[in-house]
Amino acid sequence: MSEAVHLSRAPPIGALPSSRRKSTSIASSPSSFPSLARRNRSLTSFGGVLSLSRKCRGSNHSPAGSQLSGGKVGVFNVWNGEASVQELDDAPVSIELEPICSETQFDRLIADAQQLDEGVIVVWTAKWCRKCIYLEPKLKRLAAEYHPRLRFYRVDVNNVPHSLVARAGVTKMPTIQMWKDGKKQGEVIGGHKAHLVVNEIRDMIENNDADI
């Protein structure tokens with residue numbers, strides 16, 4: 001269990017006479033609360049624990065009275081029985097894939113990554129590709145998982161010259177490629193279940209970039 005932040009020096013419920021438990025209240029003002037900015041802590045108040053752990057990332061459910069948005073989860077106004085968002089963690093839950101709209105832009109990004117000794121992920125898609133649409137939110141979450149060590153881009157094959165698509169060797173969509181040192185290091189063709197595609201992309205990244 002993660003380290004807890006206690007809101008009051010009052011004795012725990014077990015130490016109070018049963019006749020007094022219902023009348024117990026938190027009288028502290030907002031300014032008297034300790035900082036909640038430390039990661040992986042839990043907020044402990046009378047009667048239970050509200051977890052503020054980063055494990056909430058990627059979940060569709062957040063603790064009662066809290067909100068998960070962009071990886072920032074927090075709580076205040078607890079003394080009024082309310083909860084709102086307070087920034088605790090800057091790590092995003094998902095990241096938009098930056099579009100590549102021209103061959104010149106593609107060449108520049110690959111050259112910049114080579115100069116920085118970094119890899120990039122390029123996702124080749126098309127608007128008419130249903131599998132691309134279904135896979136997109138999962139790729140956004142994967143991009144957040146590797147951010148900022150690895151950047152993810154997307155290319156709509158209908159919006160760039162065919163010469164670029166041919167250079168990349170793309171014949172099916174979605175195709176997910178890893179580029180490093182100015183060359184294509186690996187690719188995954190996403191023609192099957194999305195979670196299997198994501199696992200294959202992870203394997204491709206780990207096998208081609210020792211720094212990730």
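In plain terms, the residue of L109, L139, L150 with the fewest other Cβ atoms within 10 Å comes first and the most crowded comes last, giving L109, L150, L139.
Using 0.36 nm per residue and subtracting the Cα-Cα separation, the extra length available between K193 and S102 on full extension is 29.8 nm. Dividing the Cα radius of gyration of the range 98-208 by its Kirkwood radius returns 0.92 for Rg/Rh.
Applied to the range 148-154, the Karplus parametrisation 6.51 cos²θ - 1.76 cosθ + 1.60 on θ = phi - 60° returns per-residue 3J(HN,Hα) values of x, 5, 9, 9, 10, 10, 10 Hz, with x for Gly and Pro. Between the residues M173, V155, Y134, the greatest Cα displacement towards the positive end of the dipole of the range 98-208, with unit charges on the Cβ of Lys, Arg, Asp and Glu, is found for Y134. The loop-placed trypsin sites (Lys or Arg not before Pro) in the range 87-158, going by DSSP, that have at most 13 neighbouring Cβ atoms within 10 Å of their Cβ come out as K127, R149. Subtracting the Cα-Cα distance of R167 and L116 from 0.36 nm times their residue separation leaves 16.1 nm of extension gain.
Only the coordinates and a few stated rules stand behind these numbers; no lab work does. This is a predicted model, so every value here is computed, not measured. Cβ atoms come from the backbone with ideal geometry, glycine included; neighbour counts cover every protein chain shown.
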